[in-house]
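The values are calculated or read from the model by the stated rules, or taken from the named source; none is laboratory data. Please read these numbers as outputs of a predicted model, since none were measured by experiment. Cβ coordinates were reconstructed from backbone atoms using ideal geometry, including for glycine residues, and neighbour counts include every protein chain displayed.
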Amino acid sequence: MTSITSGGSSTNGKSSLTVLTLAALGVVYGDIGTSPLYAFKEAFSGPHGLPLTEANVLAVLSMMLWSITLIVSLKYVSIVLRFDNGGEGGILALLALATRLTRARPRLARTVAVIGIFGASLFYGDAIITPAISVLSAVEGISVATPALEHWIVPITIAILVGLFAMQRRGTGALGKLFGRITVLWFLVLAVLGAMSIAQTPAVLAALDPRHALGFAWHSPGLTFLVLGAVFLAITGAEALYADMGHFGATPVRLAWFGLVFPSLMINYFGQGALALRDPAAMKNPFYLLAPQELLMPLVLLATAATIIASQATISGAFSVTHQATRLGYLPRVPTLHTSETERGQIYIPQVNWIMLVLVIMLVLAFKTSGAIASAYGIAVSGTMVLTTALVAIVAFSLQKRPNPLLFAVLALIGLVELVFFAANATKIADGGWFPLACGLALFILLTTWKRAETILTSHERSKRVPLDSFATLCSADIPRVSGTAVYLSPDLDSVPTVMMHNLKHNKVLHQRIVFLTILNEDVPHVADLDRTGVRVIERAHAYQATLRYGFMEQPDVPKGLKLLERHGLKFEALETTFFLGKATLARAVKPGLFTWRRELFRWMQRNSPATAEYFGLLPERVIELGTRVTL
């Protein structure tokens, strides 16, 4: 993450902050920034749409204003951004922090794990739906400008999506610089269009009074409950805001929100409301009909660019969540490309990228309109928001010696509101809400299956390990020694690697120099190079225990790590070093049972996961892998 150093000049500091804020606009706020394309319209359309009356328009606008204020401005921007994990955000970064704080309480730690993993699983549902609904809603403006082109909406949407996902290899830094200026223009256009409409019908400003929302809820609780699903569309994107904060830091994210994004959004929503009061027929597409006819096509093009940026927020968030899940042991190792030499958080995961593209295209082909997808949107995001609030409360309680009653009262209020939003979105399960829930459930099963199986295999291996103190007795004088260095990857600092025992048993030979290498995953995002390495001498000139430490946002690079060991006196010649890797697999069940399918699922995931040598950057010709089969 780029930092602003205090030693520079004031001008340089302001310039750096401006660059970061601009880049944050291009990546972080695209999702919530395109909600005006469909959120207000959905409140008055579809099976649960409200009758178009002045009272209803003012009530919906008031609900949108105070929902955004409470959930986004207060919760995420003012509170949640304070609970980062070493500068990184997102529900899995929060899970790692909560896990570290609750280790002494196993029952609470298990609850934290379930909350975090299910929240991360739901986030993937959001990451798949956002590109589909955002780009579709923008391209649908073509039918407003030129009705004859309506049948081209889906093909154009798919073409744009393919181009967007193909661009991901360039990295979020390059895309942020490209998108930042476009996003600034987008929010300025939102504000100008909204202000022009408000000037014609200033009576719409009465919606600033929260009594319009409260009165509507009091007199029509059933209608309020149904319309909250549409109101919630105005705050989708807040979770992506938190997941992407690691790229830019909390200060630029806050400046962008309060300085441009929040006021522009609300001016545009109120402008759409003013248009609806003047011309009820405009509710067909109130966003595009804010613009003069001659500016419609340029607005469609700008909106399309903005929705591409909106999709970027959740795509890059999905990369971050996947990488964190891998490093925390909830997913198999996946190849990760770092797209910046200076920004360690900017990554690209090809497998995730192309799987998401396929799912997004399937979603567009199945639903065909943004209105239809809107029914599926919201339930995943609202679920993730509720779980994030719960984790923040746990972390806050664990960190503070004296709990702050005001903070917990605010979190309780926010959590209650989010639960109401989740319940309101649950009414749309049959209309498409099942899709993100199905995605979330599938991901939850994958994540928990991998973690559980790896825990079982590790426990089985641990039961057969020989203490490191017994190494000298194993290496009797009559065992032949060959030249070179053998590096055994060891999961445990205090025992002889099982893979060395297998090698000694079958080949009855040892190398002249032996290094037991343990790679430790830390619960912090990054580890400094000075703190990365450690060496323990077992037998001088012959045997060593070495450690390499990596944060959950880092990609382990063993060759580079071995060079860092030179400061401890260990030098490695590439052509004289052999790496020994162990691989434990679960055998097929002897007697099939109720959960045998999870065993087979793990076996399938293990077969299709990248090789350990590839993940750690080892030369294949210098690697020997010895496997064991575990029968349970």
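The table below gives the values:
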quantity	calculated
Which listed residue is without any contact (Cβ under 8 Å) to a residue 60 or more places away in the chain and either within 26 Å of Arg333 (Cα to Cα) or not assigned by TED's automatic domain parsing to the domain that holds His323 (or both), from Glu522, Glu539, Glu554	Glu522
Conditions (1) more than 25 Å from Leu37 (Cα to Cα); (2) surrounded by fewer than 19 Cβ atoms within 10 Å (Cβ to Cβ); number of the one not met by Thr369	(1)
Of all residues in the range 80-112 being part of a helix (DSSP H, G or I) and out of contact with any helix residue (DSSP H, G or I) (no Cβ under 7 Å at 6 or more places or on another chain), the one that is nearest to Phe408 (Cα to Cα)	Arg82
Complete set of residues in the range 388-412 that are within 25 Å of Thr224 (Cβ to Cβ) and exposed (fewer than 14 other Cβ atoms within 10 Å of the Cβ)	Ala409, Ala412
Selection from the range 501-535 of residues that are crowded, with 21+ Cβ neighbours inside 10 Å and modelled with pLDDT of 85 or more	His511, Ile514, Val515, Phe516, Leu517
Per-region count, the range 414-472, residues outside any helix (DSSP H, G or I) and crowded, with 16+ Cβ neighbours inside 10 Å	3
Subset of the range 240-283 (residues that are free of Cβ contacts under 8 Å to residues at least 12 places away in the same chain and either touching a helix residue (DSSP H, G or I) at 6+ places or on another chain (Cβ under 6 Å) or of a type in the set (D, E, K, R) (or both))	Asp279, Ala282
Where a residue in the range 295-311 is farther than 16 Å from Ala159 by Cα and its partner, wherever it lies, is part of a helix (DSSP H, G or I) and of a type in the set (D, E, K, R), with Cβ under 8 Å and at least six apart	Ala310/Asp31
Residue within the range 204-227 that is polar (S, T, N, Q) and within 28 Å of Ser320 (Cβ to Cβ) present	no
Helices (runs of 4 or more DSSP H) (entirely within the range 226-323) containing at least 1 residues that are more than 28 Å from the chain's Cα centre (by Cα) and assigned by TED's automatic domain parsing to the domain that holds Leu95	262-278
Within the range 375-394, tally of residues that are within 15 Å of the chain's Cα centre (by Cα) and among the β-branched types (Val, Ile, Thr)	3
Filter pass, Leu122 being of a type in the set (A, V, I, L, M), touching a Cys at 6+ places or on another chain (Cβ under 9 Å) and crowded, with 24+ Cβ neighbours inside 10 Å	yes
Within the range 558-593, considering residues that are under 23 Å from Pro335 (Cβ atoms) and at pLDDT below 85, the one surrounded by the fewest Cβ atoms within 10 Å (Cβ to Cβ)	Ala574
For Leu406: the one exception among (1) touching a residue at least 60 places away in the same chain (Cβ under 8 Å); (2) assigned to a helix (DSSP H, G or I)	(1)
Sole residue being out of contact with any Cys (no Cβ under 7 Å at 6 or more places or on another chain), among the polar types (S, T, N, Q) and assigned by TED's automatic domain parsing to the domain that holds Gly582, chosen from Ser495, Ser459	Ser495
Within the range 473-490, tally of residues that are surrounded by fewer than 16 Cβ atoms within 10 Å (Cβ to Cβ), modelled with pLDDT of 85 or more and among the polar types (S, T, N, Q)	1
Failed condition for Trp597, given (1) over 27 Å from Val487 (Cβ atoms); (2) surrounded by 14 or more Cβ atoms within 10 Å (Cβ to Cβ); (3) not polar (S, T, N, Q)	(2)
Selection from the range 46-77 of residues that are in a helix (DSSP H, G or I) and free of Cβ contacts under 8 Å to residues at least 60 places away in the same chain	Thr69
Residue satisfying all of: in the range 480-520; touching a Leu at 6+ places or on another chain (Cβ under 7 Å) and charged (D, E, K, R); farthest from Thr612 (Cα to Cα) among these	Arg481
Flag if Val57 is under 26 Å from the mean Cα position of the chain (by Cα) and among the β-branched types (Val, Ile, Thr)	no
Selection status of Ser137, assigned to a helix (DSSP H, G or I), buried (at least 23 other Cβ atoms within 10 Å of the Cβ) and either not assigned by TED's automatic domain parsing to the domain that holds Leu391 or not acidic (Asp, Glu) (or both)	yes
Qualifying positions in the range 507-519 - without any contact (Cβ under 8 Å) to a residue 60 or more places away in the chain, within 45 Å of the chain's Cα centre (by Cα) and more than 16 Å from Leu468 (Cβ to Cβ)	Arg513
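Rundown of residues vs (1) within 34 Å of the chain's Cα centre (by Cα); (2) buried (at least 20 other Cβ atoms within 10 Å of the Cβ); (3) at pLDDT 90 or above, yes/no style:
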residue: Ala145; (1), (2), (3): no, no, no
residue: Ala148; (1), (2), (3): no, no, no
residue: Ala166; (1), (2), (3): yes, no, no
residue: Arg170; (1), (2), (3): yes, no, no
residue: Leu185; (1), (2), (3): yes, no, yes
residue: Thr201; (1), (2), (3): no, no, yes
residue: Val204; (1), (2), (3): no, yes, yes
residue: Asp209; (1), (2), (3): no, no, yes
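Conditions tested, residue by residue: (1) over 28 Å from Ala303 (Cβ atoms); (2) hydrophobic (A, V, I, L, M, F, W, C).
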{"residue": "Phe40", "(1), (2)": "no, yes"}
{"residue": "Phe44", "(1), (2)": "no, yes"}
{"residue": "Leu52", "(1), (2)": "no, yes"}
{"residue": "Val57", "(1), (2)": "no, yes"}
{"residue": "Met63", "(1), (2)": "no, yes"}
{"residue": "Thr69", "(1), (2)": "no, no"}
{"residue": "Ile79", "(1), (2)": "yes, yes"}
{"residue": "Asp84", "(1), (2)": "yes, no"}
{"residue": "Ala96", "(1), (2)": "yes, yes"}
